[in-house]
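Here it is, the structure, as structure tokens.
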Amino acid sequence: MFVLEPWHWWVLTLLFTVFAAFLHSTYFLWMSISSAAVGAVLWFQPLVPALYQVLGFGLITLAGVALFQLFSPSEAPEEEAQSEQALPRGELYIGRVFTLDAPISNGLGKIEIDGRIWPVRGEQMEAGTDVRIVGIDGIHTSLLSVEKVEED
């Protein structure tokens, strides 16, 4: 017969906590909380049978996950989430006019948009020049293509 002791549950707590941290998973977080709770109960009441320990672990985990899902705010409405997945973030800026923060030399420069620095590609221009974003280059990197805004 296998006997579960408090340290077994605390080792599981440590493992689930590591998984939760690296995988950003609330499921592992609740498993960590559940195993810590069962380990604490077993510390004070060492005669709890292994079946009840495992049942308690499962019930606490399921209840925690269910309550978290029920009461946690959704991150974004589905329509917004789908539209963000359909377009790379840089494509949201196409057609908009911004001012260069750094000069474009050797074809590359920088623009700050909404607190983020974006690399840009275009003809040679000085810092402070107004440019229009005309496209996006690159698959994984967001390199914005720009052209100088013509003054009327």
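Counting only protein heavy atoms and using a 1.4 Å probe, what share of the accessible area of the chain belongs to carbon plus sulfur, as a whole percent?
On the way: 6830 of 10910 Å².
Ligands and nucleic acids excluded, carbon and sulfur give 63 percent.
Continuing with the same structure: Normalising by the residue count of the chain, find the relative contact order in percent from Cα pairs under 8 Å and 6+ residues apart. Show your work: numbers first, answer last.
Numbers: 208 pairs, mean separation 22.0, N = 152.
The normalised contact order for the chain reaches 14 percent.
Now for a different question. Select from the chain the helices, each a whole stretch of DSSP H, whose alpha-carbon atoms run 15 Å or more along the helix axis and whose Kyte-Doolittle mean is at least -0.5; answer none if there are none. Please report the intermediate quantities before stating the final value.
Values: long enough: 6-23 (25 Å, 1.48); 26-44 (27 Å, 1.41); 50-71 (31 Å, 1.79).
Those that pass (Cα extent of 15 Å or more, hydropathy at least -0.5) are 6-23, 26-44, 50-71.
Heavy atoms only, probe 1.4 angstrom, no DNA, RNA or ligands counted: give me Leu144, Leu67 ranked by accessible area, highest first.
Leu67, Leu144
Averaged per residue, what accessible surface does the chain expose to a 1.4 Å probe, in Å²?
Numbers: 10910 Å² over 152 residues.
With all protein chains present, the chain gives 72 Å² per residue.
Okay, next question. Considering only the chain, what is the antiparallel percent among its DSSP beta bridges, to the nearest 5?
Working: 18 of 20 bridges.
Among the beta bridges of the chain, antiparallel pairing accounts for roughly 90 percent.
Report P(r) for the chain: all Cα-Cα distances, bin width 5 Å, range 0 to the bin holding the largest distance, values in whole percent.
Cα pair-distance distribution for the chain, in percent: 2, 8, 13, 12, 9, 7, 6, 6, 7, 7, 7, 6, 5, 3, 2, 1, 0, 0.
Grab the DSSP H runs of the chain that are 4 residues or longer, score each as -39,500 (n - 2.57), total them, divide by all residues and round the 222 nm result to the nearest 500 deg cm²/dmol. Kindly include the intermediate steps, with their values, before the conclusion.
Working: 4 runs with 68 residues, N = 152.
The per-residue figure over the chain is -15000 deg cm²/dmol.
Hey, another quick one. Could you sort Ile136, Ile111, Ile33 by their accessible area in this structure, using a 1.4 Å probe and putting the largest first?
On the way: Ile136 45, Ile111 0, Ile33 75 Å².
Most to least solvent-accessible, the answer reads Ile33, Ile136, Ile111.
The values are calculated or read from the model by the stated rules, or taken from the named source; none is laboratory data. The shown structure was predicted, so the numbers you read here are calculated from the model rather than taken from an experiment. We work out accessible area using only protein heavy atoms, side chains counted, and drop any ligands, DNA or RNA first. Shrake-Rupley method; radii C 1.70, N 1.55, O 1.52, S 1.80 Å.
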